[in-house]
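K.L.:
Structure in structure tokens, see below.
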Amino acid sequence: MSTPTGPIRRRKLSEDVRERLLALIENELKPGDRLPSERELMVEYEVGRPAIREALQSLQSMGLIDVRHGERPRVAQPSMAFAFDQLGPTMRHVLTHSQPTLEHLKEARIVLERHLAAVAAERHRPDDIDRLREVLTRQRAVVDDPRAFREIDGQFHESIAAMAGNPIFTAVTSAIFGWLSIFHEDAVLKRGLESLTLAEHESIVTAIASGEATRAADEMEGHLSRANALYSSGNAE
């Protein structure tokens, strides 16, 4: 192991404050609890307001605290969706410059959503099917608006994932849909695919409503396999 060389960087006061607050959040507070006021933190840590505010902004960007004007910051509620959102820029970079990774993600999506379609067929309740059909109705109403059509497309897949009763599945499904969407925007914005997408969605809903798990899984796989052909990184190495 090589010996580190070069100058030692002096830590900013705000970094030390952030580490103190992280320890406070992890060891003493729970979601919804208020943090001490800026004034209290300044007195306790013997630092100025800029260091406190910079530390709080860092924690807010990490999704660990909620900051509202005129109120003391609160510890944020845990959110898998927010955690995946934070990965967005990194995932875009990775997928743009690595065609193999893009292909792996496409394969993983099929495996995941095939399973979720089967689970939905086995566990769905009547109101779940009603919600799916309502999503389809809204999607049919925006066939002339490609961007809105794609947004509701994501809601359709998230609704199926939600039937499993595991919020992580919903968050992962939503995240993967978002990551992949940037790679077929031009194809999606071209007219002509809407009717096929709606027909495939209808077949998936019918299979889920009938309780046919294998059929629902097959319909989902066919739908995603067709969609996967649209994804291309363009700059892949």
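Coordinate-derived values only; no laboratory data. Everything numeric in this text was worked out from a predicted model, so none of it was measured. Every residue, glycine among them, receives a Cβ derived from its backbone with ideal geometry; neighbour counts consider all protein chains shown.
K.L.:
Going by amide H atoms built from the backbone, whose H comes under 5 Å of the H on I65, apart from near neighbours?
P.N.:
For I65, whose amide H was placed from the backbone, the distant partners under 5 Å are Q60, A76.
K.L.:
Averaging sequence separations of C-alpha pairs under 8 Å and six or more residues apart, then dividing by the length of segment 13-78, give the relative contact order as a whole percent.
P.N.:
Computed over segment 13-78, the figure is 43 percent.
K.L.:
Let me ask something else about it. Over the alpha carbons of the chain, what is the largest minus smallest coordinate on each principal axis, giving the biggest first in Å?
P.N.:
Projected onto its principal axes, the Cα set of the chain covers 64, 45, 38 Å.
K.L.:
To continue, here is another question. Please give the Cα centre distance for segment 24-86 versus segment 110-134, rounded to the nearest Å.
P.N.:
If we compute the Cα centre of each part, the gap is 38 Å.
K.L.:
Please list 3J(HN,Hα) in residue order for segment 92-107, calculated via the Karplus relation 6.51 cos²θ - 1.76 cosθ + 1.60 where θ = phi - 60°; whole Hz, with x for glycine and proline.
P.N.:
For segment 92-107, the Karplus curve yields 4, 4, 4, 5, 5, 10, 9, 4, x, 5, 4, 5, 5, 5, 4, 5 Hz.
K.L.:
In nm, what is the difference between 0.36 nm times the number of residues separating M62 and D85 and their Cα-Cα distance?
P.N.:
Extra length available between M62 and D85 comes to 7.2 nm.
K.L.:
Using a Förster distance of 35 angstrom, determine the FRET efficiency expected from the C-beta separation of L196 and R123, and round it to 0.05.
P.N.:
The computed FRET efficiency comes out at 0.80.
K.L.:
Averaged across orientations, what area in nm² does the convex hull of the alpha carbons in segment 13-78 project?
P.N.:
So the Cα hull casts an average projection of 3.9 nm².
K.L.:
For the chain, what is the relative contact order in percent, using Cα pairs closer than 8 Å and at least 6 residues apart in sequence?
P.N.:
Once divided by the residue count of the chain, the mean separation gives 23 percent.
K.L.:
Right, next: FRET efficiency for H69 and E15, Cβ-Cβ distance as r, R0 = 22 Å, nearest 0.05?
P.N.:
With R0 = 22 Å, the Cβ-Cβ based efficiency is 0.30.
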